[in-house]
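Asks: One structure, pasted below without further comment.
The values are calculated or read from the model by the stated rules, or taken from the named source; none is laboratory data. The structure displayed is predicted, hence computed values, not measured ones. As a convention, Cβ positions derive from the backbone with ideal geometry for all residues, glycine included, and neighbour counts pool all protein chains shown. Surface areas here come from the heavy atoms of the whole protein model, side chains and all, with no ligands, DNA or RNA. Shrake-Rupley method; radii C 1.70, N 1.55, O 1.52, S 1.80 Å.
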Amino acid sequence: MSAALFVVTGVKGGCGSTTLALELAQAIQRRGGRVALVDADLQGRRSVAVLLDAVRKLDDARVESDVPAVSSHGITVVELARNLDGGYALRAEHVESAMRALNDHAAVIVDAPQPFAAAARPIVARASRFLTVIEPSTLGATGARALFKELLNLGVAMAGVLPVLNQRDPRPALSRRELEELLETTMTAELPSTHDRGRGRAVEALAVRLLDEPPLASHRQLSASQALPHPERRERPGDARPAAEASAPSSNGHISAPPEPGLSADVEVEPQRRQGDLARQAREIIKTDIHARISKEVDVVALSRAHTDQQKQGELRMQVTGVVQRLLAERGDAGSAEETALLRQEIVDEALGYGPLEDLMRDQRVTEIMVNGHERIYVERGGRIELTAKRFTDAQQLRLVIERILAPLGRRVDEAVPLVDARLPDGSRVNAIIEPLSIDGATLTIRRFGTKRLEAEDYLRLGTLNEPMLDFLRAAVQGRLNIAISGGTGSGKTTLLNVVSSFIPDHERIVTIEDAAELKLKQTHVVRLEARPANIEGRGEIRIRDLVRNSLRMRPDRIVVGECRGGEALDMLQAMNTGHDGSLTTAHANSARDAMARLETMVMMAGFDLPVRAIREQIASALDLVVQVARMRDGTRKIISLTEVVGMEGDVVTMQDLVRFQQHGVDEDNRVKGEFVFTGVQPQALKRFEELGIEYDFRRLSTLAAAGSLW
């Protein structure tokens with residue numbers, strides 16, 4: 001007879017699920033039952049082993065078994081993963097074997113932090129009840145909704161889900177009644193705080209209920225699409241209605257979903273959708289089996305240790321590809337040759353790389369990858385954002401891919417540090433943010449930079465600017481004008497800065513300062529500096545403004561700041577005003593005039609109580625030219641204005657447009673129509689060009705169409 005298996009999981013980290021799992025195990029043991037406590041945390045935090053003083057015993061037992069089991073304080077302790085590498089290597093067959101070995105116990109308690117990994121599927125399939133520990137707060141309610149949805153997608157019948165309210169605060173943000181109304185459910189139990197004398201009695205009562213109620217196992221056969229109830233007739237977690245009523249077998253042996261209002265009970269799910277679900281399930285079974293066999297033949301975890309060694313990566317990929325190809329051939333159930341090749345590529349990508357992101361990372365047309373939870377992956381191609389058909393198997397796979405991206409970079413993301421910025425070896429910029437900051441699951445954004453560096457000729461071909469504008473920008477850089485490139489997010493500021501910086505003479509010493517290094521200058525005498533965030537203890541931060549101040553001691557001819565976004569703007573302006581002319585930077589702003597206001601605000605962020613007029617005088621004397629770039633409606637990028645900073649009139653920084661882009665609507669293909677026009681204003685920079693001997697013919701700008709009136 002199989003042991004009763006109870007999964008305890010929290011709706012968010014730190015809500016007390018591990019404590020409850022241990023208390024339940026102890027309560028069942030006191031009743032004379034043999035009990036096992038399984039730590040299913042694949043992140044390797046080892047909380048259960050620490051609480052039961054079983055760390056050394058488990059480490060010794062791991063020599064004999066992939067999933068060790070030891071006895072401590074009369075409880076059988078099972079640990080699925082000792083560290084993150086163990087979590088990567090763990091497969092469903094390891095877990096299945098461990099669960100079978102515990103059949104002689106009266107009960108098995110599983111401490112399973114969500115999201116559930118693919119390796120945990122045997123636990124989900126065997127579970128009698130799911131105890132979801134909820135804190136009485138808005139964040140707890142939000143996490144509970146997400147957890148209920150995940151359990152439904154896993155095919156868990158809601159009659160087997162028991163919400164448990166954990167009262168950890170004497171003054172909770174929400175009452176039990178308010179929480180039940182928000183979640184449209186009834187709490188199975190309410191546990192006082194761990195210091196309350198009534199806590200023990202409440203846990204004992206919960207343990208008695210778990211052991212006395214008959215198991216619900218029908219959820220194991222539900223598919224994700226079938227398990228989701230009709231929104232107007234939702235089955236509440238903890239409902240006493242038997243699972244057989246919630247989902248009964250049809251005549252052909254399938255489990256059908258509960259009938260919707262107004263429909264007869266014998267209405268079947270659409271055949272195409274059901275076939276698609278079955279096909280996906282079959283693929284997942286094949287992939288799970290292949291992954292389990294790969295882990296026996298290849299040390300996949302070695303990739304993370306040799307991530308920077310391209311040769312070892314290539315050898316490991318070839319080895320794994322060969323193993324997967326052989327295993328698929330042995331099975332013979334992967335479908336056609338084309339389907340087998342696609343499945344082989346997916347398995348190799350999941351085992352070694354970034355899973356469903358691998359193809360997108362190889363596609364040079366993709367400039368941005370945006371992962372909104374494990375089910376939605378968006379990309380930007382040709383300036384347009386589109387939803388892809390790719391998805392992660394589950395939320396746990398997404399978290400593992402994020403860890404795999406960050407680990408070689410020496411960065412981490414967890415509950416203590418839930419957001420991180422990093423840079424991949426190819427220069428791509430990575431941002432990851434996880435729960436509880438990201439409400440609907442982990443979010444990953446990768447800003448990619450092409451392997452081919454864009455040149456000025458590419459900008460001409462793409463219509464970002466024209467020849468007269470390019471000639472003026474070349475003269476402005478060679479004439480050592482201080483230039484700010486302004487634009488919105490994703491408008492192409494950094495790429496344009498790369499192009500503009502190519503006009504700097506090769507003999508000059510350039511110091512680049514960035515938050516995350518993205519610039520790729522082609523000159524030889526370049527010093528690249530990158531800011532550093534604080535460590536987990538909040539120490540060691542090096543800000544951009546620290547690097548700007550330090551760069552003044554490095555004898556630079558030019559200072560290039562990747563982006564001014566804070567107090568470093570004051571240091572940058574002072575550098576421009578103290579002999580370091582010809583400097584370049586970028587800033588977020590919607591227009592050249594807005595860029596002045598943004599610089600003014602950023603200078604105030606430096607922490608000095610400077611008069612507004614003094615700040616504006618600094619800006620007017622330091623900055624010579626603002627290049628405004630924008631992302632148009634059709635996804636193209638264009639320089640929409642070249643604006644000179646002229647000086648001051650009273651308390652206002654005066655500016656004059658030299659060139660503007662005038663849009664004339666869109667064509668039949670929905671592409672932006674327009675032209676670059678010349679305002680007729682003679683640039684003040686001409687005097688500087690003449691003094692430095694820069695060859696520039698002002699008449700080139702006059703070849704552009706004349707600008708019409710702005711009124």
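Asks: Give me the pairs: first residue in the range 680-706 and in contact (Cβ under 8 Å) with a residue 24 or more places away in the chain and more than 19 Å from residue 470 (Cβ to Cβ), second residue open to solvent by 70 Å² or more (accessible area, probe 1.4 Å) and outside any helix (DSSP H, G or I), beta-carbon distance under 8 Å, and six or more apart or on different chains, which are they?
Replies: Short answer, once both residue conditions are applied: 680/706.
Asks: Inside the range 7-32, can you point out the residues that are open to solvent by less than 20 Å² (accessible area, probe 1.4 Å) and more than 26 Å from residue 136 (Cβ to Cβ)?
Replies: 28, the sole residue that qualifies.
Asks: Next up: Could you check the range 190-205 and list, in sequence order, the residues that are within 17 Å of residue 135 (Cα to Cα), at pLDDT 85 or above and over 35 Å from the mean Cα position of the chain (by Cα)? Write out each step before concluding.
Replies: Within the range 190-205, the first condition is being within 17 Å of residue 135 (Cα to Cα), and the residues that meet it are 190-196, 199, 202-203.
Cutting the leftovers down to at pLDDT 85 or above gives us 190-192, 199, 202-203.
192, 199, 202, 203, listed by residue number.
Asks: I need every pair where a residue in the range 454-480 that is free of Cβ contacts under 8 Å to residues at least 40 places away in the same chain has its Cβ under 7 Å from the Cβ of a residue that is of a type in the set (Val, Ile, Thr) and surrounded by fewer than 18 Cβ atoms within 10 Å (Cβ to Cβ), sequence separation at least 6 or different chains.
Replies: Listed by first residue and then by second, the contacts come to nothing, as the list is empty.
Asks: Just need a number here: residues in the range 134-165 that are free of Cβ contacts under 8 Å to residues at least 40 places away in the same chain and open to solvent by 20 Å² or more (accessible area, probe 1.4 Å).
Replies: So the first thing to find is which residues in the range 134-165 are free of Cβ contacts under 8 Å to residues at least 40 places away in the same chain, and the list is 137-138, 145, 149, 151, 165.
Still in the list and also open to solvent by 20 Å² or more (accessible area, probe 1.4 Å): 137-138, 145, 149.
Final tally of qualifying residues: 4.
Asks: How many residues are among the polar types (S, T, N, Q), touching a strand residue (DSSP E or B) at 6+ places or on another chain (Cβ under 7 Å) and outside any loop (DSSP other than H, G, I, E, B) when one looks only at the range 488-547?
Replies: 3
Asks: Mind telling me which of the residues 630, 620, 614 ends up being surrounded by 12 or more Cβ atoms within 10 Å (Cβ to Cβ), assigned to a helix (DSSP H, G or I), at pLDDT 90 or above and out of contact with any helix residue (DSSP H, G or I) (no Cβ under 8 Å at 6 or more places or on another chain)? Walk me through how you get there before you give the answer.
Replies: Values: 630 fails: assigned to a helix (DSSP H, G or I); 614 fails: surrounded by 12 or more Cβ atoms within 10 Å (Cβ to Cβ).
Sole residue among the options that is surrounded by 12 or more Cβ atoms within 10 Å (Cβ to Cβ), assigned to a helix (DSSP H, G or I), at pLDDT 90 or above and out of contact with any helix residue (DSSP H, G or I) (no Cβ under 8 Å at 6 or more places or on another chain): 620.
Asks: Can you name every residue in the range 531-558 that is under 32 Å from the mean Cα position of the chain (by Cα) and in contact (Cβ under 8 Å) with a residue 24 or more places away in the chain? Give the steps one after another, and end with the answer.
Replies: Our first condition is that a residue be under 32 Å from the mean Cα position of the chain (by Cα); within the range 531-558, this holds for 531-548.
If the condition is that a residue be under 32 Å from the mean Cα position of the chain (by Cα) and in contact (Cβ under 8 Å) with a residue 24 or more places away in the chain, then 533, 536, 543, 544, 545, 547, 548 are the ones that fit.
Asks: Moving on. Consider the range 316-367. How many of its residues are on the phi > 0 side of the Ramachandran plot and open to solvent by 20 Å² or more (accessible area, probe 1.4 Å)? Working first, answer last.
Replies: The first filter runs over the range 316-367 and keeps only residues on the phi > 0 side of the Ramachandran plot, leaving 332, 335, 355.
Of the ones still in play, those that are also open to solvent by 20 Å² or more (accessible area, probe 1.4 Å) are 332, 335.
Qualifying residue count, the range 316-367: 2.
Asks: Residue 171 - would you say it is modelled with pLDDT under 50, in a loop (DSSP other than H, G, I, E, B) and over 33 Å from the mean Cα position of the chain (by Cα)?
Replies: no
Asks: Same structure again: Determine whether the range 177-185 contains at least one residue that is at pLDDT below 80 and within 34 Å of the chain's Cα centre (by Cα). Reasoning before the result, please.
Replies: Of all residues in the range 177-185, those at pLDDT below 80 come to none.
Looking through the range 177-185, none of the residues is at pLDDT below 80 and within 34 Å of the chain's Cα centre (by Cα).
Asks: Among the residues of the range 603-639, which ones are in contact with a Lys or Arg (Cβ under 7 Å, 6 or more places away or on another chain) and aliphatic (A, V, I, L, M)?
Replies: The first filter runs over the range 603-639 and keeps only residues in contact with a Lys or Arg (Cβ under 7 Å, 6 or more places away or on another chain), leaving 629-632, 634-635, 637.
Within the range 603-639, 629, 630, 632 qualify.
Asks: Still on this model: How about the range 6-36: which of its residues are polar (S, T, N, Q) and under 32 Å from the mean Cα position of the chain (by Cα)? Please lay out each step first, then the result.
Replies: Initially, the range 6-36 is screened for residues polar (S, T, N, Q), giving 9, 17-19, 26, 29.
Selection gives 9, 17, 18, 19.
Asks: Let me ask you something else. Quick one: would you say residue 551 is in contact with a strand residue (DSSP E or B) (Cβ under 6 Å, 6 or more places away or on another chain), of a type in the set (Ser, Thr, Tyr) and either open to solvent by less than 70 Å² (accessible area, probe 1.4 Å) or over 26 Å from residue 694 (Cα atoms) (or both)? Quick ask: steps written out before the conclusion?
Replies: Values: in contact with a strand residue (DSSP E or B) (Cβ under 6 Å, 6 or more places away or on another chain): yes; of a type in the set (Ser, Thr, Tyr): yes; either open to solvent by less than 70 Å² (accessible area, probe 1.4 Å) or over 26 Å from residue 694 (Cα atoms) (or both): yes.
Criteria met by residue 551.
Asks: Filter the range 522-548 for residues that are under 28 Å from residue 456 (Cβ atoms) and open to solvent by 60 Å² or more (accessible area, probe 1.4 Å) and give the result.
Replies: 522, 524, 525, 528, 530
Asks: Given the conditions (1) closer than 18 Å to residue 18 by Cα; (2) modelled with pLDDT of 85 or more, report the number of the one that residue 114 does not fulfil.
Replies: So the condition that residue 114 fails would be (2).
Asks: Here is a list: 403, 415, 330. Which entry is without any contact (Cβ under 8 Å) to a residue 12 or more places away in the chain and out of contact with any Pro (no Cβ under 6 Å at 6 or more places or on another chain)?
Replies: Going through 403, 415, 330 in turn, the sole match is 330.
Asks: Looking at 108, 77, 70, 161 in this structure, which one is at pLDDT 75 or above and touching a Phe, Trp or Tyr at 6+ places or on another chain (Cβ under 6 Å)? Don't jump to the end; show me each part of the working.
Replies: Working: 108 fails: touching a Phe, Trp or Tyr at 6+ places or on another chain (Cβ under 6 Å); 77 fails: touching a Phe, Trp or Tyr at 6+ places or on another chain (Cβ under 6 Å); 70 fails: touching a Phe, Trp or Tyr at 6+ places or on another chain (Cβ under 6 Å).
Sole residue among the options that is at pLDDT 75 or above and touching a Phe, Trp or Tyr at 6+ places or on another chain (Cβ under 6 Å): 161.
Asks: Please identify the pairs in which a residue from the range 418-432 that is open to solvent by 10 Å² or more (accessible area, probe 1.4 Å) has its Cβ atom under 6 Å from the Cβ atom of a residue that is of a type in the set (S, T, N, Q) and part of a strand (DSSP E or B), counting only partners at least 6 apart or on another chain.
Replies: 421/431; 431/445
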